[in-house]
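Q: Take a look at the following structure, please.
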Amino acid sequence: DTAVSQTPKYLVTQMGNDKSIKCEQNLGHDTMYWYKQDSKKFLKIMFSYNNKELIINETVPNRFSPKSPDKAHLNLHINSLELGDSAVYFCASSQDLRFETQYFGPGTRLLVL
Amino acid sequence: QKEVEQDPGPLSVPEGAIVSLNCTYSNSAFQYFMWYRQYSRKGPELLMYTYSSGNKEDGRFTAQVDKSSKYISLFIRDSQPSDSATYLCATPMGGANSKLTFGKGITLSVRP
């Protein structure tokens, strides 16, 4: 019955590799987000999608490419991984573009070696 | 200046203490303010949100906004070990396609 789920939970990879993180929500929400949380717990928005349409792209390097095949899914593909990409990535969803009550997934812990 | 600044931590208190967590924000146009709680190795969850100035109470938690000083606070009464978590204040930047801006978070530990 998980509302927002992410896979994988952990990802350890070498610099230069390409990896993807998947996110699914079963809440029937229209809007989904990707956040990055660094080692100091600072949580920063990367992207938001509304009904499969990109709404926010928060000056993220274009090595990061979100894809939304339908409004229940928002995947994140990262090319040419760098050490600084190591972080916890959270997917979230909300009913619509209004901010109230964003529901977060459990996070994907990415470690780039 | 960051849009939302949060008091640095960590914070450790004994069980039963009253806890005060604080943030300041830079833009007087901000209207909505939230507190998220994040347990270790979990995603943040919305704890409370308030609109404009004033207080909002929910059980042992009280959220307070002082727009004149651009200060937001979360008070926890009778703190419990289960309150041990990271607390993040947040505000949307405004507009139809609002995005949440978070403070850096403060980690609270309640000692039994």
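Q: Could you list, in sequence order, the residues of segment A:34-50 that are of a type in the set (Gly, Ala, Ser) and part of a strand (DSSP E or B)?
A: Within segment A:34-50, just A:Ser48 meets the criteria.
Q: Among the residues of segment A:51-69 satisfying the criterion of being assigned to a strand (DSSP E or B), surrounded by 14 or more Cβ atoms within 10 Å (Cβ to Cβ) and touching a Lys or Arg at 6+ places or on another chain (Cβ under 8 Å), which is modelled with the highest pLDDT?
A: A:Ser68
Q: Among B:Gly105, B:Gly16, which is the only one that is within 14 Å of chain A (Cβ to nearest Cβ) and of a type in the set (Gly, Ala, Ser)?
A: B:Gly105
Q: Report whether or not A:Glu82 is acidic (Asp, Glu) and touching a residue at least 24 places away in the same chain (Cβ under 8 Å).
A: yes
Q: Could you check, for segment A:12-33, whether at least one of its residues is in a strand (DSSP E or B), closer than 16 Å to A:Asn75 by Cβ, among the aromatic types (Phe, Trp, Tyr) and touching a Leu at 6+ places or on another chain (Cβ under 6 Å)?
A: Scanning segment A:12-33 turns up no residue that is in a strand (DSSP E or B), closer than 16 Å to A:Asn75 by Cβ, among the aromatic types (Phe, Trp, Tyr) and touching a Leu at 6+ places or on another chain (Cβ under 6 Å).
Q: Output the residues belonging to segment A:28-44 that are under 14 Å from A:Ser65 (Cα atoms) and at the interface with chain B (Cβ under 9 Å from one of its Cβ atoms).
A: A:Tyr33, A:Tyr35 - these are the residues of segment A:28-44 that are under 14 Å from A:Ser65 (Cα atoms) and at the interface with chain B (Cβ under 9 Å from one of its Cβ atoms).
Q: From the residues in segment B:50-90 that are within 9 Å of chain A (Cβ to nearest Cβ) and in contact with a Ser or Thr (Cβ under 9 Å, 6 or more places away or on another chain), which one is nearest to B:Ser20 (Cα to Cα)?
A: B:Thr86
Q: I've got another one for you. Select from segment A:76-105 the residues that are within 9 Å of another protein chain (Cβ to nearest Cβ), in a strand (DSSP E or B) and of a type in the set (S, T, N, Q) and list them in ascending order.
A: Those that are within 9 Å of another protein chain (Cβ to nearest Cβ), in a strand (DSSP E or B) and of a type in the set (S, T, N, Q): none in segment A:76-105.
Q: Name the pairs: first residue in segment A:12-41 and on the phi > 0 side of the Ramachandran plot, second residue loosely packed, with under 13 Cβ neighbours inside 10 Å, Cβ to Cβ under 6 Å, at least 6 apart or on different chains?
A: A:Gly16/A:Ser80
The values are calculated or read from the model by the stated rules, or taken from the named source; none is laboratory data. Small disclaimer: the values here were computed from a predicted structure and weren't measured. Backbone-built Cβ (ideal geometry, glycine too); neighbour counts: all protein chains shown.
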